Amino acid sequence: MDKKILISACLIGENVKYDGGNNALHVKILEAWKEQGILVPLCPEVLGGLNVPRPPCEVIEGTDSVICKTGEDVSAAFAKGARESLRMAREEGACMAILKARSPSCGKDVIYDGTFTHTPVNDSGITCKLLQESGITVFSEEELVLAEAFWRQKG
């Protein structure tokens with residue numbers, strides 16, 4: 001089986017973002033990987049059963065609890081989405097992931113603190129953590145140069 005790359009679906013133009021939009025990147029390397037059929041798009045929040053659109057959500061600082069701006073606890077949906085993402089990674093033979101920066105699911109190293117004030121904290125999203133703990137190398141879309149170099153070595 002050829003190795004694959006997990007990617008946040010919003011980064012390749014799928015309208016799965018909380019507000020119903022996307023964060024599409026139009027860069028050569030992603031276009032090339034897409035043409036080669038090695039990208040595995042996913043949205044952990046949708047995999048966890050959340051709707052599009054949905055209220056914005058954040059991880060409560062220092063925990064794995066996720067709440068919506070409306071106050072609803074969606075921790076179970078985020079945990080389910082992370083598990084489904086890991087299942088897909090294993091099923092597809094993914095050796096790395098490119099995930100959406102600062103997302104409560106996908107954020108790597110920096111997410112928001114759970115106060116809905118755009119206050120950044122040094123932490124990662126629920127899916128990012130699970131993938132990393134399971135041995136999958138994660139990059140944010142802000143680290144595409146690093147991701148490309150890693151792929152050349154491992155892919």
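Note on the chain: with neighbouring protein chains present and a 1.4 Å probe, carbon and sulfur make up 50 percent of its accessible heavy-atom surface.
Here segment 1-44 is scanned for amide nitrogen atoms under 19 Å from the site 7 Å beyond the Cα of A149 along Cα-to-Cβ, giving 28-30.
Backbone amide hydrogens, once placed in the peptide plane, bring R102 within less than 5 Å of G107, K108, V110, excluding anything fewer than 5 places away on its chain.
For S65, the residues whose amide H sits under 5 Å from its own are I60, ignoring neighbours fewer than 5 places away on the same chain, with H placed 1.01 Å from N. Give the lysines whose C-alpha is closer than 30 Å to that of K69, dropping any in the same chain fewer than 8 places away, or say none. Here the lysines satisfying the reach criterion relative to K69 are K17, K80, K100, K108, K129. Full extension of the segment from N51 to H26, taken as 0.36 nm per residue of separation minus the current Cα-Cα distance, would add 6.4 nm. Rounded to the nearest 500, the helix-only mean residue ellipticity at 222 nm of the chain stands at -9500 deg cm²/dmol, with each DSSP H run of n ≥ 4 adding -39,500 (n - 2.57). Remark: spin-label model distance K34-I60 equals 3.9 nm, labels positioned 7 Å along the Cα→Cβ axis. Sequence-ordered 3J(HN,Hα) estimates for segment 62-79 from the Karplus curve with 6.51, -1.76 and 1.60 and θ = phi - 60° stand at x, 9, 10, 8, 10, 10, 8, 4, 7, x, 5, 7, 10, 4, 5, 5, 5, 5 Hz, glycine and proline given as x. Accessible area per residue for the chain, computed on protein heavy atoms with a 1.4 Å probe, is 50 Å². Sorting the segments 93-101, 20-28, 128-136 by their residues' average number of neighbouring beta-carbon atoms within 10 angstrom, most packed first, yields 93-101, 128-136, 20-28.
The values are calculated or read from the model by the stated rules, or taken from the named source; none is laboratory data. For clarity, every value in this text was computed on a predicted model and none was experimentally measured. Quick reminder, even Gly has a Cβ in these numbers, built from the backbone with ideal geometry, and neighbours come from all protein chains shown. These accessible areas exclude ligands, DNA and RNA; they are computed on the full protein's heavy atoms, side chains included. Shrake-Rupley method; radii C 1.70, N 1.55, O 1.52, S 1.80 Å.
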